[in-house]
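Have a look at the structure below before the remarks.
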Amino acid sequence: MHALIFAAGLGTRMRPLTDTTPKPLLEAGGKPLVAWHLERLAAYGVREVVINTAHLGERFPEVLGDGARWKLRIHYSHEGEAPLETGGGMLHALPLLGSGPFLAVNGDIWTDFDLARLDPEPRGVAQLVMVDNPPQHPEGDFRLDGAGVLHETGTPRLTFAGIGVYRPELLAHWRRIVGGIEGADADPPRFPLAPLLRAAMREGKVDGLHHRGRWTDVGTPRRLRDLDASLA
């Protein structure tokens, strides 16, 4: 299985730390955030990893190289200085991700989630990992029913953890779904992934898993300091 690490964000809430270092390369527990993902992906059996980059993108190969130290092969999908958002970034990286399902993870999270829980061949077009709603996102994102299917409406809601397995088919009709969004007509197109996931949920094609272990969205310097202290 191939894997995609989303690492193209500007990290504006982390400034001034991200003025010189992309957020996924900030350190917690003695290593860059993205290195924790690379270790877990390698242990899971992934060998081909795509990292999408934009802001300070040249720093990633400087720090991570070609991935050999993790027994991985890293490919870089550079988007220019303006990130393409999650949907546009995934579409841009798709030629590097093979023809089958692939795993994707946000580069600015930390978690002890066991990747072996994921279904490498999801029933529909995606399987997402969900977590309890953190203080900064109390309203959650989607409802997970008793059969493990995700819905865009209803309660109680959980928060998307930024980890999932996707089939390329999720992007097959992206233009029809996000055609009215600003940036979707740009070259390359820029658009979020959420509208595609919601459209697939309306057809019952997105499953979910509830992770009850540790998970942190490293979105502020305070959360980074707290995570670093907990991992020390």
If I filter the stretch 200-207 for residues that are of a type outside the set (Ser, Thr, Tyr), within 20 Å of Phe142 (Cβ to Cβ), surrounded by fewer than 13 Cβ atoms within 10 Å (Cβ to Cβ) and out of contact with any helix residue (DSSP H, G or I) (no Cβ under 7 Å at 6 or more places or on another chain), do I get at least one hit?
yes
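Output the residues belonging to the stretch 181-197 that are buried (at least 20 other Cβ atoms within 10 Å of the Cβ), touching an Asp or Glu at 6+ places or on another chain (Cβ under 7 Å) and either of a type outside the set (Phe, Trp, Tyr) or in a strand (DSSP E or B) (or both).
Arg190
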Given the condition surrounded by fewer than 22 Cβ atoms within 10 Å (Cβ to Cβ) and either touching a Gly at 6+ places or on another chain (Cβ under 7 Å) or among the hydrophobic types (A, V, I, L, M, F, W, C) (or both), answer yes or no: does some residue in the stretch 27-34 qualify?
no
Looking at Gly65, Gly45, which is the one that is without any contact (Cβ under 8 Å) to a residue 12 or more places away in the chain and more than 20 Å from Ala194 (Cβ to Cβ)?
Gly65
Residue list for the stretch 85-126, filter: assigned to a strand (DSSP E or B), among the β-branched types (Val, Ile, Thr) and more than 11 Å from the chain's Cα centre (by Cα):
Thr111
Which of the residues belonging to the stretch 198-230 are of a type in the set (A, V, I, L, M) and either under 12 Å from Leu33 (Cα atoms) or not in a strand (DSSP E or B) (or both)?
Ala199, Ala200, Met201, Val218, Leu224, Leu227, Ala229
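Could you check, for the stretch 130-145, whether at least one of its residues is crowded, with 16+ Cβ neighbours inside 10 Å, under 29 Å from His92 (Cβ atoms), touching a helix residue (DSSP H, G or I) at 6+ places or on another chain (Cβ under 9 Å) and aliphatic (A, V, I, L, M)?
Looking for residues that are crowded, with 16+ Cβ neighbours inside 10 Å, under 29 Å from His92 (Cβ atoms), touching a helix residue (DSSP H, G or I) at 6+ places or on another chain (Cβ under 9 Å) and aliphatic (A, V, I, L, M), one finds none in the stretch 130-145, hence no.
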Please indicate, with yes or no, whether at least one residue in the stretch 74-93 is over 24 Å from Leu128 (Cβ atoms) and without any contact (Cβ under 8 Å) to a residue 12 or more places away in the chain.
no
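Does Gly87 satisfy the condition of being among the small types (Gly, Ala, Ser) and modelled with pLDDT of 95 or more?
yes
Have a look at Ala82, Ala8 and point out the one that is in a loop (DSSP other than H, G, I, E, B), surrounded by fewer than 16 Cβ atoms within 10 Å (Cβ to Cβ) and under 18 Å from the mean Cα position of the chain (by Cα).
Ala82
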Between Val50, Val46, which is part of a loop (DSSP other than H, G, I, E, B), modelled with pLDDT of 95 or more and under 16 Å from the mean Cα position of the chain (by Cα)?
Val46
Filter the stretch 126-144 for residues that are of a type in the set (S, T, N, Q) and farther than 20 Å from Ala104 by Cβ; which is modelled with the highest pLDDT?
Asn133
With the checklist (1) surrounded by 17 or more Cβ atoms within 10 Å (Cβ to Cβ); (2) at pLDDT 95 or above; (3) part of a helix (DSSP H, G or I) in hand, flag the one item Glu169 doesn't pass.
(1)
Here is a list of conditions, (1) loosely packed, with under 14 Cβ neighbours inside 10 Å; (2) touching a helix residue (DSSP H, G or I) at 6+ places or on another chain (Cβ under 8 Å), and Thr216 meets all of them except one; can you say which number that is?
(1)
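The values are calculated or read from the model by the stated rules, or taken from the named source; none is laboratory data. Everything quoted here is computed from the prediction, not taken from an experiment. Methodologically, a virtual Cβ is constructed for each residue, glycine included, from the backbone with ideal geometry; neighbour enumeration extends over all protein chains shown.
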